[in-house]
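The values are calculated or read from the model by the stated rules, or taken from the named source; none is laboratory data. Quick caveat, the model's predicted, so the values are computed rather than measured. Every residue, glycine as well, gets a Cβ built from its backbone with ideal geometry; the counts of neighbours run over all protein chains shown.
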Amino acid sequence: MAQARGDLDQFLALEARRPDWRQDPFRSAERLLAAGRLDEALSWARREHRGGLAYV
């Protein structure tokens, strides 16, 4: 909903509340970059992405 309303701050708050393995830091960084919020975009881009499949 936050995404549809264009509420970037609410979108980021919801993304931060997701479990680490469900977060998509690069998607958040792209949105911040498009909004001209470069420092925050860099911070999100530097987050470690924990997710995907693990093979044993």
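Couple of notes before you dig in:
- Of the numbered criteria (1) under 13 Å from the mean Cα position of the chain (by Cα); (2) modelled with pLDDT under 95; (3) not acidic (Asp, Glu), the one ALA41 fails is (2).
- Residues satisfying the stated conditions in region 1-22, i.e. among the basic types (Lys, Arg) and either assigned to a loop (DSSP other than H, G, I, E, B) or touching a strand residue (DSSP E or B) at 6+ places or on another chain (Cβ under 6 Å) (or both): ARG18
- LEU8 vs. criteria of a type in the set (A, V, I, L, M), surrounded by 13 or more Cβ atoms within 10 Å (Cβ to Cβ) and either over 10 Å from the mean Cα position of the chain (by Cα) or at pLDDT below 95 (or both): yes
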